[in-house]
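Working notes, beginning with the structure itself.
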Amino acid sequence: MFDSVAPRYDFMNALLSMHQDVHWRRATTEALNPSQGERVLDLAAGTGTSSWPLIEAGADVWSLDRSPGMVTVGQQRQPDLVFAVGDGHALPFIDEAFDAVTISFGLRNMPHPVAVLRELHRVTTKGGRLVVCEFSTPVRLWLKALYAIWLRIVVPIASNFSHNPDSYLYLAQSILDWPNQKTVNAWLREAGWHHVAHRNLTGGIVALHRGTR
Ligand SMILES: C[S@@+](CC[C@H](N)C(=O)[O-])C[C@H]1O[C@@H](n2cnc3c(N)ncnc32)[C@H](O)[C@@H]1O
């Protein structure tokens, strides 16, 4: 599915998030807090938009994604990034290869999220960090209601401007189906991560989940 939306993915992302994505990416980089030269894996990196702020922070970033289409568009737009095609359920890296690992708006698309969190744990060095940035459950009831309208009405209308409206309907539904902050934190613990906590962004529309290996 991501192969077909790849050329317009970043444009639609910015549009549908009303440019909040810039703020969410900055917060993700701050939470991961990479030092100069640290090895960082950005899983489900898509076209590399989530990787770029980590590069700017001085990290050595590997951008991995399962969709060849997303990776091809990423390589054209950002030739300085190191891209690879691979599956989050079976990462093509040795144990403890990275100082920090992150995944933005990708865990929701994986059939077995706990297995992916375990794979991320395997490839992270002891004491290394994980940050998951993902859509979540708004805390306030009025925002939750407004957000449901956005996903059920506005996104379907906006998807008509895409070449592949079904993809955006799927994305909206996957957000509605995704569990709340507490459940995702429990998954991190189940996968072996310690010091698990989360921070809500934009009232909980997005959550940053953190863990330490
Ligand atoms: C919504 S995009 C997020 C891209 C990027 N991280 C961002 O923040 O813009 C989700 C990405 O997850 C990738 N993906 C889905 N399942 C995957 C898997 N099993 N392994 C690796 N990547 C996967 C898709 O190809 C897609 O590029």
Item to check | Filter pass, PRO34 being without any contact (Cβ under 8 Å) to a residue 12 or more places away in the chain and in a loop (DSSP other than H, G, I, E, B) | outcome: no
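For ALA45, indicate whether it is surrounded by fewer than 16 Cβ atoms within 10 Å (Cβ to Cβ), within 12 Å of the ligand (Cβ to nearest atom) and either over 21 Å from TYR170 (Cα atoms) or hydrophobic (A, V, I, L, M, F, W, C) (or both).
Against the criterion (surrounded by fewer than 16 Cβ atoms within 10 Å (Cβ to Cβ), within 12 Å of the ligand (Cβ to nearest atom) and either over 21 Å from TYR170 (Cα atoms) or hydrophobic (A, V, I, L, M, F, W, C) (or both)), ALA45 does not qualify.
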Next on the checklist: Show me the strands (runs of 3 or more DSSP E) entirely contained within the range 60-162 in which 2 or more residues are farther than 24 Å from ALA27 by Cα.
Outcome noted: 82-85
Checklist entry - What number of residues within the range 163-184 satisfy the criterion of being open to solvent by 50 Å² or more (accessible area, probe 1.4 Å), more than 26 Å from ARG118 (Cα to Cα) and not in a helix (DSSP H, G or I)? => result 1
Next on the checklist: Going by what's in this entry, would THR102 be described as touching a residue at least 40 places away in the same chain (Cβ under 8 Å) and crowded, with 22+ Cβ neighbours inside 10 Å?
Outcome noted: yes
Checklist outcome for this item: Listed by first then second residue, the pairs whose first member lies in the range 67-95 and is farther than 22 Å from SER167 by Cα, whose partner is more than 12 Å from the ligand (Cβ to nearest atom) and among the aromatic types (Phe, Trp, Tyr), with beta carbons under 7 Å and at least 6 positions apart or on separate chains, are VAL82/TRP62; ALA84/TRP62
Checklist entry - TRP187 passes all but one of (1) without any contact (Cβ under 8 Å) to a residue 40 or more places away in the chain; (2) part of a helix (DSSP H, G or I); which number fails? => result (1)
Checklist entry - Within the range 54-72, how many residues are more than 10 Å from the ligand (Cβ to nearest atom) and surrounded by 16 or more Cβ atoms within 10 Å (Cβ to Cβ)? => result 7
Checklist entry - Here is a list of conditions, (1) closer than 20 Å to ASP21 by Cα; (2) under 16 Å from the mean Cα position of the chain (by Cα), and GLY211 meets all of them except one; can you say which number that is? => result (1)
Item to check | In the range 86-104, the residues that are within 12 Å of the ligand (Cβ to nearest atom) and over 12 Å from GLY48 (Cα atoms) | outcome: GLY86, ASP87, GLY88, HIS89, ALA90, LEU91, PRO92, THR102
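The values are calculated or read from the model by the stated rules, or taken from the named source; none is laboratory data. Since we're looking at a predicted model, the values are computed, not measured. Backbone-built Cβ (ideal geometry, glycine too); neighbour counts: all protein chains shown. Remember, those area values only see protein heavy atoms, side chains included, never the ligands or the DNA or RNA. Shrake-Rupley method; radii C 1.70, N 1.55, O 1.52, S 1.80 Å.
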